[in-house]
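Please read the structure below before turning to the comments.
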Amino acid sequence: MRFTAPAGLCLLSLCLTGCNLDIDIIGQGRIYSSDQTIDCTQDCRYSSYNDIRYVTLQGEAAEGQRFLGMLSREISGTMVTTARVPYGLTFRQPAPWEWGSRRMISTQVTAIFHPQADIVVAAGTEQTICALTPTNNLRCWGSDIERYQALDNVSALFASRETLCAETNAQLQCWNTGYPDPWALPDTLGSARQMVFVVGRLCVLHETVSGNQVHCFNREGQEEPQVPPLYNPTTLSKVRDTVCAEDDTGTVCWGEELIPRS
């Protein structure tokens, strides 16, 4: 295909902005690909002008650091430490009424490393990763970080693919990715010990003056589903849409499509 000067300049501009893999590195560590074509210890860019390339990225933390994961719109999952991402440019044969057609993929990846000594626990959604520090504050990266880093006296941190929860001043607060308002949770849950997320709901194992209890809530703060009687639950787990608690009476499970059993 032959280009005039303006068209060629336009194509060059598109390639510069739309054919790249941009890797931003926060902290100290190395991001590299399994095929050894990519190796970065600081912010870097790789371009492909002839085809769409797929590379599998991995991370290696420097001494004293911990690799918390990668954030990108091309990556699905929480605190992903190995990811296959695309970038590049391809042409297809144009239709008779077209002068040309191209497919471009540009991928932005942010790799997060943080000092291990500054991490009590880490958790993340698809778009945000947070670390609870020894000073009971949150250090977060990604979207909506202002609301998390504004919290103080944080004692616990939990997350699922879409929801991040922090216990602060003995009150549990949860936000969904992309929603400005927090979950409408009661402020009388006590200290949260464990949490599981299932089908837009969360179940919390928490301490009370009368022993451990489990409650499940939806985003509106309504208890759903109802939890069967438990006497001394110690751990929570889930399998698909079913939540189970280890109790003095044995393993008790419940869920939307499951009749409570023990």
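The values are calculated or read from the model by the stated rules, or taken from the named source; none is laboratory data. Just so it is clear, the model here is predicted, and its values are computed rather than measured. In this analysis, Cβ positions are derived from the backbone assuming ideal geometry, glycine residues included, and neighbour counts consider all displayed protein chains. Remember, those area values only see protein heavy atoms, side chains included, never the ligands or the DNA or RNA. Shrake-Rupley method; radii C 1.70, N 1.55, O 1.52, S 1.80 Å.
Taking square-rooted eigenvalues a ≥ b ≥ c of the alpha carbon gyration tensor, is the stretch 158-255 rounded, prolate or oblate, where a/c under 1.5 means rounded and, failing that, a/b exceeding b/c means prolate? Verdict is oblate for the stretch 158-255.
Residues whose amide H comes within less than 5 Å of that of Thr107, counting only those at least five positions distant or on another chain, are Asn20, Leu21, Asp22 (H built at 1.01 Å from N in the peptide plane). Once neighbouring chains are kept in place and the probe is 1.4 Å, which whole percent of the accessible area of the chain is contributed by carbon and sulfur? About 47 percent, which is the carbon plus sulfur part of the accessible surface.
Evaluated at q = 0.14, 0.16, 0.17, 0.19 Å⁻¹, a Debye calculation over the C-alpha positions of the stretch 95-194 (equal weights, vacuum) places log10 I(q)/I(0) at -0.55, -0.68, -0.75, -0.92. Stretched out straight at 0.36 nm per residue, the stretch from Glu74 to Ile119 would grow longer than its current Cα-Cα span by 13.5 nm. Using θ = phi - 60° in the Karplus curve 6.51 cos²θ - 1.76 cosθ + 1.60, the 3J(HN,Hα) couplings for the stretch 217-232 round to 9, 9, 5, 7, x, 7, 6, 6, x, 5, 8, x, x, 10, 10, 7 Hz; x is entered for Gly and Pro. The Cα-based radius of gyration of the chain, divided by its Kirkwood radius, gives an Rg/Rh of 1.10. Whole-Hz Karplus values for the stretch 130-140 come out as 10, 10, 8, 8, x, 8, 6, 10, 9, 10, 10 Hz, taken residue by residue from phi with 6.51 cos²θ - 1.76 cosθ + 1.60 and θ = phi - 60°; glycine and proline positions read x.
The base-10 log of I(q)/I(0) for the stretch 187-226, evaluated at q = 0.22, 0.24, 0.35, 0.36 Å⁻¹, reads -0.66, -0.77, -1.22, -1.24 [Debye formula, identical scatterers on Cα atoms, solvent excluded].
Leaving out ligands and nucleic acids, and using a 1.4 Å probe, what accessible area per residue does the chain come to in Å²? Result: 53 Å² per residue. Quick query: amide H of Ile38 versus all other amide H atoms, modeled in the peptide plane; which residues come in under 5 Å with a sequence gap of 5 or more or a different chain? Excluding prolines and chain starts, which carry no amide H, the hits are Ser33. Anisotropy class assigned to the stretch 107-152 is oblate, per the alpha carbon gyration tensor with a/c at or over the 1.5 cut-off and a/b no larger than b/c.
Residues whose amide H falls under 5 Å from that of Arg193, counting only those 5 or more places apart or on a different chain, are Leu205, His206, Glu207, with hydrogens built in the peptide plane.
Stretch Ser155-Asn232 to full length: gain in nm at 0.36 nm per residue minus the Cα-Cα span?
On the way: separation 77, 0.36 × 77 = 27.72 nm, distance 2.26 nm.
Between Ser155 and Asn232, full extension yields 25.5 nm more.
Summing charges over all other residues whose Cβ lies under 13 Å from the Cβ of Thr107, with Lys and Arg as +1 and Asp and Glu as -1, gives +1. Once the Cβ-Cβ distance of Cys44 and Val209 is raised to the sixth power relative to R0 = 51 Å, the FRET efficiency obtained is 0.40.
In the chain, Cα pairs under 8 Å separated by at least six residues give a relative contact order of 10 percent. Other residues whose C-beta falls under 12 angstrom from the C-beta of Tyr231 contribute a net charge of -3, scoring Lys and Arg +1 and Asp and Glu -1.
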